[in-house]
Each structure stands twice: as structure tokens, then as C-alpha cells.
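Written below as C-alpha cells is the structure these notes are about.
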Amino acid sequence: MRLIALRTGRLIGLLWLVSVLVFLALRLSPGDPAAMLLGPKSGRVDIEPALAELRSQMGLDRSLPVQYGIWTKRVVMGDFGASNRSGVPVREMVFEALPVTLWLIGLALVVALPISIFLGIVGAANERRAIGRVVRLIATISLATPAFWIGIILIEIFAVKLDWLPAGGYVSLLDSPVEFAEHMVLPVAALATFMIGVLTRYVYAEAIEVRRQPYIRTAHAEGLPGRVIELRFVARNALIPLIAVAGAQVGALIGGAVLSEQLFGLPGVGQLVLNGVLGRDYQVVQGTVLITTVFVLLITEVAEVAYRLVDPRLRT
Amino acid sequence: MIRQHAGSGRSELALGRRTSSEAPTERFFQISNLAVSFRSGDTQSLGVVDCSLAVSEATRVGLIGESGSGKSVTALAALGLLDPTTATLGESSSISFMGRELVGMTLGELREIRGSEIAIVFQDPMNALNPVFRVGDQMAAALRAKHKMSRSDARQRVLEALHSVEIHASERVIDAYPHQLSGGMRQRVLIGAALLERPRLLIADEPTSALDVTVQADILSMLHSVVTERRMSILLVTHDIGVVAQFCDYLYVMYAGRIVESGPAREIISSPLHPYTIGLLGCTPSLEGGRRRLVTLPGSQPVAGRANAGCAFAPRCSRADGLCRHLTPKMVTHSPGRNLACHHPEIPSTGRTLE
């Protein structure tokens, strides 16, 4: 009970911190949202009065603490404002974009996890043999290759040369499951290839560590076949912490997804933030980052709890 | 796994080269001229220099020495459990069990023997059990994988094994995770796991060192009765001469990677011949002896194999002379059943020394 209270407190603290940082970062970056909104005309001198009026309309003429206060007050009540370009409510925009990003990351994890686990465990079991070397090589290459580069290669091969799959775009699962799948294959493959590097290295390192533990020596002393020892004992010991790691990966991946979304033209949160920043659309950026943060924290938290439930030592 | 050695070095040949006559044995289990060196990076160190010992059927043999004497390495080597990437066995090392040579066996052949014929109990009950498996599941794993036993049959066997190590709440313990058990309970579980496949020989590496003295006594008496009941042999590896004194029939004393004295346990305890053994006994508090100062051995044990010439114990020995510093003493028969590697052993009756 106390733990839950503690974690909720930490969650709120983190959210507050994120909100302040996003708010400040936007105000500190050059560019005037009102000027951007008025477009090329704003270069003319007689536009000043219009600009000033727009600024006061948007509340930009107030002091920063007051602006922050107004925004927070609205956010707490569930109002994230609206885009000052399209007028669409930010919440609506985010909840349209978030599933796209979550699908991308989720599917990439589903593809990457089993492959990484297999490579990591088999690689560790053959640490000093050729197989171990090959696994380490695969992991390093995969880690060192940016997802967007893999994406470009994939588009080149499967969309341009072979014309098997669309090069970009997004169709909602609800509209057409087949088209949804077609559009997701390449971005998921690109992101998964990169994730395999990170996760394989983790599983491998963990399995190497576990294999040196006295309880694995006990298993050997009992004459258990190597297959049983590696796939049952080493694997379970090494994979429990992976749950938490995979959860934490989601956060890191949203950052990485920005590039993939851009490359494959997926209307996810990455795109939303990017366009918001470029257009100085404060409300959109602030709202998107905040809502996404909530999701990331929740997923991390769930993974952490799941990890604690699976590990018998932490259960009690 | 273990480097291949000449198979002929097994019995007579290997022994013939040595001046000792080994303990009375029908060659049930025998280690001859075991040498183990460890390689880490560019440095080579010796864990065991020269160890020969024998365990007969249904006997309790003790292997005693300070930490670093090579006794645990010997125990691990006996089942081929040393890390093959760092440990190498000496050319003439031989380990035989019921007529079969274990050195040079394939991993598959070794697995047939591990657990089923020779089992080992490790010293660290906190880490020797897998923390994320229920006690029963990890104990049953060997039965299920090696003997293709059904889940319920295996469970039954595990329950019996837990019972035989005097765990009364076996139904509760079988479904517990290791961290939910006390140290003594965990050690019992480990012993129970070792007994599961009814092995002929049990190697126990410091089975009670991590436990409270009272728990130690319980576990030792349990072990004693189980081993006697099943007519098993046990090789008990320990640093605690008090433990072996009550437990063992026969004793080997190891120092800096070599066996320096061996003989019937009672005789060694009552009249030790090697100055090192005398020192070891002097370090043990006794209940009967009244108040007396505990003697400690001066200095510390050299790293096995570091001292190239002479007796490894010479720097700490009050009797050491030029001979000791230049010539490594050989194991020789001192009196029937008692062997010794010392230039100036204690003469029990007169207190004089040889030579």
C-alpha cells in the first residue's frame, strides 16, 4: 500500500518535471508562434498591431509563470487546448496518433523479443565457440545500424525494386486489417532489426552472468543435459529482468520512432511533435509530450510490477 | 571437457611410481596424482599439485585442509566440474570410479555418472539453489530429464528424499522457493537433491560451514545416519577438524595442493604425525582439555605450487631445516595404514623425531 502511494507520488513528480521542461524548452527556443501563424505577411511593418493582438489572444503577452499556471490549470481539468493552426483539440490529435506509434513499437517488440532471446541464450551457451562470436557480431552490427538506414534499404528493396509493399503511409486496423498489415511490415522490420541489437546484447550478457552462478553448477553436478540447463534454468534466470528492460525500452523507442515515422510517413506521435515544433504550435507539443510521457511511465510501471510478480524473490 | 590423459595411468602403473601404499581399498573410488592448474590471462597457478586418495565402499573419508589448500578443487575435479576454459589437469592425473576412468570421459559419459553414481553437495546453500524455481521443481528436473519420470512420480521421489533428510514439513518445503527457507533447510534440500538418484558416493564440500554450530551438528548427524543406512561412501571436504573427527573413518590432510598425511581418523586425531596436522589440532578448542591457550599456526599457507622446492610447510614449521627447504618430502608409509610426507615427523611414544 505504501509502495503504491510512493510510486504514484513519484509518477506525479515526474510528470510535473516533464511539463516544466517541455514548457521552458519551447519558450526558450527562437521563433514567435503568433508570427508563424500570420505567415509571410508578418514581415511587413504594419502587421505589428495584429501580431500584438494575436499574442494577447493566445496569452503570450503574460509572464512565463502565469502562462505556465494557466496551462497547468487547464491540463489538470483535462483540457490540453487546441492546435493554434488547425484548431483541432490537442487531446483528439494525440489519441489519433498514439495508437500508430504504440502499434509500431509493440509489433517491433513482439518480433524482436523472441529472436533476441533465442540469439542471446544460444550465444551465451556457446560463448567461446563460433556461434557465440556470430551472435555478438549480429548484435553489434544491428545496434550500430540506425533504424532509418535499415528502413531506407527495406523501402528500396521491397517497395521500389520488388513493389511488394507500400513505401509509406498508414491505414487503420479498423478500416482494413490487410492494408494495415501491409503498411506496418516495413517500419516494424526496420525498428525490430535495431531492437534485436539492444535486446540480444542484454540477454546475452545476462545469460553469461547466470551461467557462472553456483546454482547452475549444481544443475551440472546433477548430470542434467546441457539443453535442459540452458533452455530452462539459464533462460528463466536471465529473462526475468528482461521484462523490466523491455518496458523501459518502450520509452527509448518512442524517441527512436520519430525517425521511422518520418521515413515511412506514419502519422504517429513522433510526427505530431515534430510538426508542432516546426510550426511553434506550443499547445500541440506540450500536450503530446505530456500525454505520451504518461503512457511511457505507465508502461514502464506495469513492466516493473510484472517483473516483481514474476520474480519469486520480490513477490512475498 | 577435461584434457585426455593416458588411460593406462590408472591403477597399478600410477601407484607403482609412488612410494606410498594407499589406504586399504578395493578401488571403489580413487584419485591418483591429481594436479590441476588454472590459467587466467597469462598467469598459470596451481590449484592442486599432487593429490592421491581413495575411498572404499561404504566408508566415510575426510579431506581436510585450510582454504586454498586445493581440497574444493579436488572435489570439483572428481566430477569434471572445473571450468574447462581455465582449468587443466596434469598429465598423469587419474580419477577412477568402480573401474572406470573419469579423466578423459566425454561430457555425455560424465553426465551418466553425475548425480546417479557420484553426487556432490556444495558448500554455499544460499547460492547453490536456483532462486527462481520451486525447490521441488529443481529437484525433480534431473529425474524428469534423465529418467523420463512422470511429474507425479518425480514429486513422490522428491518428497521421499526430503523425508530422508529429516525435513518434516516436506509438503510445504517442496513448493517453497529457496529464499523462503532457512540456511539449514536449504542445506538439507541440497543433500536431499544429491541423494535423489541413490548415488553410491557422495562428495560433500564443506556442507556445514555456512551454518550455525547447532544446525551443523544436526545436519552432520543426519548425513551420518543417511550414509550409513544406505551403505554409501562419502568424501567429506572440510577445514574443520572437529567435524571430521566425529564423522570419518579415514582422513587425508591436504596442504598447499598436496596430501601431507593420511590414516585412520581416530589415529590421526589421537597421535598426529605431521607438524601441520599437529598445528591444525592445536587450533581446535576442546571441551575436556580445560582452560588452555589455543595454539595458532604462525604464518599463512603459500599459494599452491608457488614454492618450487622443498616442503611447502617448511616456512611455518618449527622443525624445518636445510633438508626441508630443498627437498620436497614424499608420501611414505609410516606405519600400517598411515602415510606421511614429512622429513621430521612426530614420534608418538617418545616425542623424538626421525633422523
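The values are calculated or read from the model by the stated rules, or taken from the named source; none is laboratory data. Every value quoted in this text rests on a predicted model; they were computed, and no experiment measured them. Note that we place each Cβ from the backbone using ideal geometry, even for glycine, and neighbour counts take in every protein chain shown. Accessible surface is based on the protein model in full, side chains and every heavy atom, while ligands, DNA and RNA are left aside. Shrake-Rupley method; radii C 1.70, N 1.55, O 1.52, S 1.80 Å.
Can you tell me the Rg and the Dmax, both Å, for the Cα atoms in the protein assembly as shown?
35.3, 122
Cβ under 12 Å from A:ILE291's Cβ, A:ILE291 left aside: what net charge do those residues give with Lys, Arg +1 and Asp, Glu -1? Don't jump to the answer; show the numbers that get you there.
Values: positive: A:ARG91; negative: A:GLU92, A:GLU96.
Surrounding charge for A:ILE291 is -1.
What does the net charge come to around B:PRO275 if you take all other residues with beta carbon closer than 11 Å to its beta carbon, with K and R at +1 and D and E at -1? Working shown, then result.
Working: positive: B:ARG316, B:ARG319; negative: B:GLU261, B:GLU346.
Net of charged neighbours comes to 0.
Accessible area drop of at least 40 Å² (1.4 Å probe, protein heavy atoms): which residues of segment B:181-206 qualify, relative to the chain alone?
For segment B:181-206, once contacts with the other chains are taken into account, no residue loses 40 Å² or more.
With unit charges on the beta carbon (Lys/Arg positive, Asp/Glu negative), name the residue among A:LEU26, B:GLY62, A:LEU253 whose Cα is farthest towards the positive pole of the charge dipole of the protein assembly as shown.
Result: B:GLY62.
Just from its helices, what would the mean residue ellipticity at 222 nm be for the protein assembly as shown, if runs of 4 or more DSSP H residues each count -39500 (n - 2.57) and the sum is divided by every residue, rounded to the nearest 500 deg cm²/dmol? Don't skip to the answer; put the middle values down first.
Details: 25 runs with 339 residues, N = 671.
Only helices count here, giving -16000 deg cm²/dmol.
Scan around B:GLY47 for amide H atoms under 5 Å from its own, H built in the peptide plane at 1.01 Å from N, and keep only partners 5 or more places away or cross-chain.
B:VAL36, B:SER37, B:PHE38
Please give the total accessible area that chains B and A bury against each other, computed with a 1.4 Å probe and expressed in Å² to the nearest 100. Display every interim value, and only then the final one.
Working: alone 16600 and 17390 Å², together 31700 Å².
Buried area between the two chains comes out at roughly 2300 Å².
Suppose every Lys and Arg Cβ carries +1 and every Asp and Glu Cβ carries -1, with no other charges. What dipole size does segment B:122-169 come out with about its Cα centre, to the nearest 20 debye?
Working: 7 positive and 5 negative charges, 67 e Å.
Value, rounded to 20: 320 debye.
Beyond 28 Å, what share of the Cα-Cα pairs of segment B:106-255 is found? Please give it as a whole percent. Could the numbers behind the result be given before it?
Numbers: 1729 of 11175 pairs.
Counting pairs separated by more than 28 Å, the tail of P(r) holds 15 percent.
Roughly how crowded by other chains is peptide B:119-126, in terms of the mean Cβ count from those chains within 10 Å of each of its Cβ atoms? Could the numbers behind the result be given before it?
On the way: counts 3, 5, 2, 5, 1, 3, 1, 2.
The shielding value for this peptide is 3.
Equivalent ellipsoid semi-axes for chain A, as square roots of 5 times the alpha carbon gyration tensor eigenvalues: give them largest first, rounded to whole Å.
On the way: eigenvalues 403, 131, 47 Å².
The three semi-axes for chain A are 45, 26, 15 Å.
Hey, got the dipole for segment B:223-279? About the Cα centre, +1 on K and R Cβ, -1 on D and E Cβ, debye to the nearest 20?
On the way: 4 positive and 5 negative charges, 24 e Å.
The calculated dipole for segment B:223-279 is roughly 120 debye.
Give the peptides B:268-276, A:6-14 in descending order of average Cβ contacts within 10 Å, highest first.
So the peptides B:268-276, A:6-14, ranked by packing, come out B:268-276, A:6-14.
Pull up all non-local amide H partners of B:MET254: gap of 5 or more, or a different chain, and H-to-H distance under 5 Å with H placed in the peptide plane.
B:ILE64, B:GLY65, B:VAL260
So, by mean Cβ neighbours within 10 angstrom, what's the order for A:94-107, B:150-163 with the highest one leading? Mind dumping the intermediate values first?
Numbers: A:94-107: 19.5, B:150-163: 16.9.
Answer by packing, highest mean first, reads A:94-107, B:150-163.
Residues of the protein assembly as shown: accessible area per residue at 1.4 Å, in Å²?
Numbers: 31700 Å² over 671 residues.
Computed with neighbouring chains in place, this is 47 Å² per residue.
For B:236-247, what's the mean count of beta carbons from other chains sitting within 10 Å of each residue's beta carbon? Mind dumping the intermediate values first?
Numbers: counts 0, 0, 0, 0, 0, 0, 0, 0, 0, 0, 0, 0.
Mean inter-chain Cβ contacts per residue within 10 Å come to 0.
Would you mind computing, in nm to one decimal, how far apart the modelled labels at A:LEU60 and B:HIS163 are, each placed 7 Å from Cα along Cα→Cβ?
8.4
In segment A:95-315, with Lys and Arg counted as +1 and Asp and Glu as -1 at Cβ, which of these residues, A:LEU272, A:LEU104, A:TYR170, has the Cα nearest the positive end of the dipole, that is, farthest along it?
A:LEU104
I'd like the mean, over residues of A:208-221, of how many other protein chain beta carbons sit within 10 Å of each residue's own Cβ.
Details: counts 0, 0, 2, 0, 1, 4, 9, 12, 2, 7, 14, 8, 9, 16.
The per-residue average across the peptide is 6.
Please sort through the DSSP H helices of chain A and keep those with an alpha-carbon extent of at least 27 Å along the long axis and a Kyte-Doolittle average not below -0.5. List each step's numbers first, then the result.
Working: long enough: A:2-28 (39 Å, 1.66); A:90-125 (50 Å, 1.89); A:177-211 (45 Å, 0.91); A:235-264 (38 Å, 1.27); A:282-310 (42 Å, 1.38).
Span-like helices here: A:2-28, A:90-125, A:177-211, A:235-264, A:282-310.
Amide H neighbours of B:GLU101 under 5 Å, at least 5 residues apart or on other chains, H built in the peptide plane: list them.
none
Report the local net charge at A:VAL135: Lys and Arg +1, Asp and Glu -1, summed over other residues whose C-beta lies under 13 Å from its C-beta. Don't skip to the answer; put the middle values down first.
Working: positive: A:ARG128, A:ARG129, A:ARG133, A:ARG136, A:ARG201; negative: A:GLU127.
So the surrounding residues net to +4.
Compute the accessible area of each residue in segment A:290-316 twice, once for its chain alone and once with every protein chain present, using a 1.4 Å probe on heavy atoms, and list those whose area falls by at least 50 Å².
Checking the loss per residue gives A:PRO312, A:ARG313.
Over chain A, what percent of the accessible surface lies on carbon and sulfur atoms, probe 1.4 Å? Please report the intermediate quantities before stating the final value.
On the way: 11140 of 16250 Å².
Carbon-and-sulfur percentage of accessible area, whole number: 69.
Which order, highest average first, do B:88-99, B:220-231 follow once you tally other Cβ atoms within 10 Å for each residue and take the mean per peptide?
Values: B:88-99: 19.2, B:220-231: 15.7.
Listed from highest to lowest mean packing, they are B:88-99, B:220-231.
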